[in-house]
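First comes the structure, then the notes that go with it.
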Amino acid sequence: MTTTVSAAATGKPTTTPAPAAARTPLAHTYAPLMPYVANWQHLAPGYFEQTPLPAGGLAMYYAPYVMDRVVDYRERVNNLPECTECIGRIALLRAGDIGRRVWIQVGDGAVEGPYFVTDVAARHDIPGLLRRGWVVDVDWETGQRWQMRGPIPVTVYSDPPSGWTPVPTAQATSTATPAPPQVGATPSQVALEAGGAAVR
């Protein structure tokens, strides 16, 4: 899938999906996009079931510290166990995905994983995410390792391909969040220093 990322008059990035012909699944690179629904209650399978994989679409990344807070909450409230072999933490579409281990391929590159699903889309955000071709949010550390500056095309798999071997640069981490920002730094300064957009 090819996308065009541009700054709209508001300064916020927008994505335009490629023509339908460009979204045709390619062997070993992209899976079908998840179908659009106007209301989360129309998801099939439902919100509390697992997302069918493989699924292709756009990956985005969390701001620093956000995934850490999510994981702390999930461990405390949902008794989410640790995943010591996982190389990153991600958010998928459905609540049924929490605790799942998945593998991700960026473009036609190597398949990496496992990634631990620790967060999900808010129900009211689902139509907008699907409209934009979103499939996954990755943690800050993964976004930095992938040198993300905006959405990128990926494929998410439920299992690694046969004969798969781990990517040497993708190592499991327990807590890889960078050191806290300087005292008195605003969220916008932190995001800008990290290469992200200003937080409003």
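The values are calculated or read from the model by the stated rules, or taken from the named source; none is laboratory data. Every value quoted in this text rests on a predicted model; they were computed, and no experiment measured them. When we count neighbours, we look across all protein chains shown, and the Cβ atoms used for this are built from the backbone with ideal geometry, even at glycine.
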Quick check on this structure: which one of LEU129, LEU92 is out of contact with any Ser or Thr (no Cβ under 9 Å at 6 or more places or on another chain) and hydrophobic (A, V, I, L, M, F, W, C)?
LEU129
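Limited to segment 48-84, what total is found for residues that are in a loop (DSSP other than H, G, I, E, B) and among the β-branched types (Val, Ile, Thr)?
Counting residues in segment 48-84 that are in a loop (DSSP other than H, G, I, E, B) and among the β-branched types (Val, Ile, Thr) gives 2.
Pick from ILE98, ILE104, ILE126, ILE87: which is surrounded by fewer than 22 Cβ atoms within 10 Å (Cβ to Cβ), touching a residue at least 12 places away in the same chain (Cβ under 8 Å) and of a type outside the set (Gly, Ala, Ser)?
From the options ILE98, ILE104, ILE126, ILE87, the qualifying one is ILE98.
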With the requirement that a residue be in contact with a Ser or Thr (Cβ under 8 Å, 6 or more places away or on another chain), farther than 21 Å from VAL156 by Cα and surrounded by fewer than 21 Cβ atoms within 10 Å (Cβ to Cβ), what does segment 44-69 give you?
TYR65, ASP68
Within the bounds of segment 37-50, is there any residue that is within 16 Å of ILE104 (Cα to Cα) and either at pLDDT below 70 or in contact with a Leu (Cβ under 8 Å, 6 or more places away or on another chain) (or both)?
no
